[in-house]
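Just so you know, all these numbers are worked out from the coordinates, no wet-lab data involved. None of the values given here were measured: they were computed from a predicted structure. Cβ: placed from backbone, ideal geometry, glycine included. Neighbour counts: every protein chain shown.
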Amino acid sequence: MRTAKRVEQSVAGFAGNAGRFFRGLPGEATTGVQLAGVDVLGDRPPASYPSGLETPAPTRPQEETFDIGAILRLRTFLYLIAATALFLFQIHNTLTIRELAKQNERLREQLRISTSIRAAQELKASELQSIHSISGLAQALGLSSSAVPPVDIEP
């Protein structure tokens, strides 16, 4: 009988329909199920069926007041507050990481622009240095610069 009662309690906890699954006969009340620590169906006396086809007399379940304190405990709320705090902390960290990633991308773009400007300036300095060294070599050979501006040939 204990095994049947344990099975009834476990199924009633999952389905909430102990009366539908384990009701002996239509007039018999189903009892002994606990939801959230509260015995909602009362105590069921052990079934004792007499020999033959007689059915037991229907029993009325005991009425108990529902105790909301069994569900709403301070420890439950503390767990909920701690879980909420951890969840908010994780959201804050995620948003901070996203903002830092955006800032990192902006800085990378600025670095690329700075690098390309620096490369262009180095190229221009190298070009001017080459022109200066060529004009120095030309003066050493006794060549002078022409007053006619140079002609650019487009390809």
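With N the number of residues in segment 92-145, Rg(Cα) / (2.2 N^0.38 Å) evaluates to 2.27.
Can you work out the FRET efficiency for the pair Ile153 and Arg106, with r the C-beta to C-beta distance and R0 = 41 Å, to the nearest 0.05?
0.45
With R₀ fixed at 30 Å, the C-beta to C-beta distance from Glu122 to Thr94 puts the FRET efficiency at about 0.10.
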